[in-house]
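The values are calculated or read from the model by the stated rules, or taken from the named source; none is laboratory data. Keep in mind the model is a prediction, meaning the values are calculated, not measured. Note that we place each Cβ from the backbone using ideal geometry, even for glycine, and neighbour counts take in every protein chain shown.
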There are 2 protein chains.
Amino acid sequence: MKLKRGLIQIYTGDGKGKTTAAIGQALRALGHEFRVGMVSFFKDPHLDYDEIKILRNLRVDIFRFAPKHPHFCDVDFKEVRKDCLKALRFIQEIFQREEYDLLILDEINVALRDGFLTEEEIFTLLDKKPQHLELILTGRGATEALIKKADLATEMKKIKHPFDKGIKGRKGIEF
Amino acid sequence: MKLKRGLIQIYTGDGKGKTTAAIGQALRALGHEFRVGMVSFFKDPHLDYDEIKILRNLRVDIFRFAPKHPHFCDVDFKEVRKDCLKALRFIQEIFQREEYDLLILDEINVALRDGFLTEEEIFTLLDKKPQHLELILTGRGATEALIKKADLATEMKKIKHPFDKGIKGRKGIEF
């Protein structure tokens, strides 16, 4: 147990740096021998997210749910919602086992924004967070009520982004 | 050489997540076998920044300049400026050697904001960036002209922060 009282952090907004801030936070915490876990939503396991490999080597446990998002793939809303609910149950189990000092819920804000999870479902989960656990929620579209529930919230606000100039995502930088 | 054309990224603003986003970006890039370096300003080597240890283990080279900032320590403006200029010369040498695919200049925006470096000095440096190198500048107070010079800029905007409630910086989380 590393923290007397773990907080809830949120990284949201349309700018670059939400997931990377969570990963950087994980690295800092690992430097202090925190036990770190990450539950990620909407990340296709077939894609080449190579930071995952390094995080795993650093003994970060990584769990993936709802790998497909209807915005990008041919997948049914109901199926995604089912996967997201499965993730919530899984996270609740993690909470009960108290295995981690820091847990990242990557892109969970998107699950809320797009209606795969309700505020009530997420709030019920957050109310069960073990006291010592630092929890990080990332993703665009964090709702006002979710931000109210958090202790720390940063909006990653896009000032400019190379995508706007037609530069495509680059391996090692954007993914 | 990992990128045909490396860009200039800026993370600025008063919210949490600037340095951690740069570190997370470093981790992602390391996953793709980028060679990564970091030059940091205003980070006291006696303080316990344990992410540094992990980054070093991952073969990120870390160089520190101007460890003291007058805001926190008893140090002379001229001395800090001298250290910052030394850093600029050092970065220029790094550029010439083309040793890295990604280079982080952590808190350099603060050196500009607080007048230890001029815009002209930094722009002269940026103009010498090797084409393939991705460069990340972090710190509060990036000027409008600096942002104009960058390809990507994110403002980490504080929505809420536990410091405002009197909660102090926590080992493993804030440092």
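Every condition in (1) under 25 Å from B:LEU30 (Cβ atoms); (2) within 14 Å of chain A (Cβ to nearest Cβ) holds for B:ILE94 except the one numbered (2).
Only one of A:HIS161, A:HIS132 is within 27 Å of B:THR154 (Cα to Cα) and more than 15 Å from the chain's Cα centre (by Cα); which?
Numbers: A:HIS132 fails: within 27 Å of B:THR154 (Cα to Cα).
It is A:HIS161.
Of the residues making up region A:136-164, those that are of a type in the set (Val, Ile, Thr) and either over 16 Å from A:GLU119 (Cβ atoms) or surrounded by fewer than 17 Cβ atoms within 10 Å (Cβ to Cβ) (or both) are A:ILE136, A:THR138, A:THR143, A:THR154, A:ILE159.
Once region B:104-135 is narrowed to residues that are in contact with a Leu (Cβ under 7 Å, 6 or more places away or on another chain) and closer than 18 Å to A:PRO162 by Cα, the residue that is surrounded by the most Cβ atoms within 10 Å (Cβ to Cβ) is B:GLU134.
Can you find even one residue in region A:17-24 that is over 22 Å from B:ILE8 (Cα atoms) and either touching an Asp or Glu at 6+ places or on another chain (Cβ under 8 Å) or surrounded by fewer than 24 Cβ atoms within 10 Å (Cβ to Cβ) (or both)?
Our first condition is that a residue be over 22 Å from B:ILE8 (Cα atoms); within region A:17-24, this holds for none.
No: region A:17-24 contains no residue that is over 22 Å from B:ILE8 (Cα atoms) and either touching an Asp or Glu at 6+ places or on another chain (Cβ under 8 Å) or surrounded by fewer than 24 Cβ atoms within 10 Å (Cβ to Cβ) (or both).
In this entry, B:ILE167 passes the filter for residues that are over 24 Å from A:ASP14 (Cβ atoms) and modelled with pLDDT under 95. Please find, within region B:68-87, the residue that is farthest from the other protein chains (Cβ to nearest Cβ) out of those that are surrounded by fewer than 17 Cβ atoms within 10 Å (Cβ to Cβ) and part of a loop (DSSP other than H, G, I, E, B). By that ranking, first place goes to B:ASP76.
Among strands (runs of 3 or more DSSP E) entirely within region B:1-67, having at least 2 residues that are within 12 Å of chain A (Cβ to nearest Cβ) and touching a residue at least 24 places away in the same chain (Cβ under 8 Å) singles out B:8-12, B:36-41.
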